[in-house]
């Protein structure tokens, strides 16, 4: 790779044979700067204890500990039957399956909406999120109403004055793209009763 970062694609990976190896953390050394253990807490609910998470935030550790769609993609890859719904016609296994699904650039970080199509304000995934938030926001995050916020504030930032909720967007509720839901399939920080 030169000083401008050119040549950092798959052809120049240090260990290219592991990029698409299912269930293999091809970048463990690259992610060593992340702490081995961390913990974080979700919104303070109206009653009870806020949801929390503890563990290793390193991508390989999150994927290895999970059993969900993202970890299965990492282990096995996929060929979705409805590519329009997913945004891509195929996912190779391994780290490269997601991080190189759209480009050969080494370590490309796709955003959640690159794959999860919300379909605009009338799409089914958008409607599902609005309904879940509307049905539980008063209990899960009573501070929203007290701050004059609206349901949209969790995902959409006001460009002029983005609130603290919108800064984290998907991660307000989901831990990471490497482990977006807990073992029961529920977002880590938006725990319904």
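See the values below:
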{"item": "Search result, residues across the range 17-40 that are touching a strand residue (DSSP E or B) at 6+ places or on another chain (Cβ under 9 Å) and part of a loop (DSSP other than H, G, I, E, B)", "result": "37"}
{"item": "Search result, residues across the range 21-38 that are under 20 Å from the mean Cα position of the chain (by Cα) and at pLDDT below 90", "result": "26, 27, 28, 30, 31, 32"}
{"item": "Test: residue in the range 82-89 that is within 14 Å of residue 178 (Cβ to Cβ), under 17 Å from the mean Cα position of the chain (by Cα) and in contact (Cβ under 8 Å) with a residue 24 or more places away in the chain", "result": "no"}
{"item": "Which numbered condition residue 71 fails, given (1) more than 23 Å from residue 125 (Cα to Cα); (2) in contact (Cβ under 8 Å) with a residue 40 or more places away in the chain", "result": "(1)"}
{"item": "Checklist (1) under 30 Å from residue 137 (Cα atoms); (2) touching a strand residue (DSSP E or B) at 6+ places or on another chain (Cβ under 6 Å) applied to residue 49, failing item", "result": "(2)"}
{"item": "Complete set of residues in the range 166-193 that are loosely packed, with under 13 Cβ neighbours inside 10 Å and in a loop (DSSP other than H, G, I, E, B)", "result": "183, 184, 185, 192, 193"}
{"item": "Where residue 63 falls short, out of the listed (1) in a loop (DSSP other than H, G, I, E, B); (2) more than 23 Å from residue 164 (Cα to Cα)", "result": "(1)"}
{"item": "Leading residue by the ranking (surrounded by the most Cβ atoms within 10 Å (Cβ to Cβ)) among those in the range 39-66 that are under 30 Å from residue 145 (Cα atoms) and within 17 Å of the chain's Cα centre (by Cα)", "result": "42"}
{"item": "Enumeration of residues in the range 112-125 that are touching a helix residue (DSSP H, G or I) at 6+ places or on another chain (Cβ under 8 Å) and modelled with pLDDT of 85 or more", "result": "112"}
{"item": "Condition check for residue 110: over 15 Å from the mean Cα position of the chain (by Cα) and more than 17 Å from residue 183 (Cα to Cα)", "result": "no"}
{"item": "Number of the condition not met by residue 3 [criteria: (1) closer than 23 Å to residue 186 by Cα; (2) modelled with pLDDT under 85; (3) surrounded by fewer than 16 Cβ atoms within 10 Å (Cβ to Cβ)]", "result": "(1)"}
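Rundown of residues vs (1) modelled with pLDDT under 75; (2) surrounded by 15 or more Cβ atoms within 10 Å (Cβ to Cβ); (3) within 16 Å of the chain's Cα centre (by Cα); (4) farther than 21 Å from residue 186 by Cβ, yes/no style:
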residue	(1), (2), (3), (4)
77	no, yes, no, yes
97	no, yes, yes, yes
104	yes, no, no, yes
127	no, no, no, no
141	no, yes, no, no
149	yes, yes, no, yes
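The values are calculated or read from the model by the stated rules, or taken from the named source; none is laboratory data. Computed from a prediction, not measured in an experiment: that's the story for all the values here. Reconstructed Cβ throughout: ideal geometry from the backbone, glycine too, with neighbour counts over all protein chains shown.
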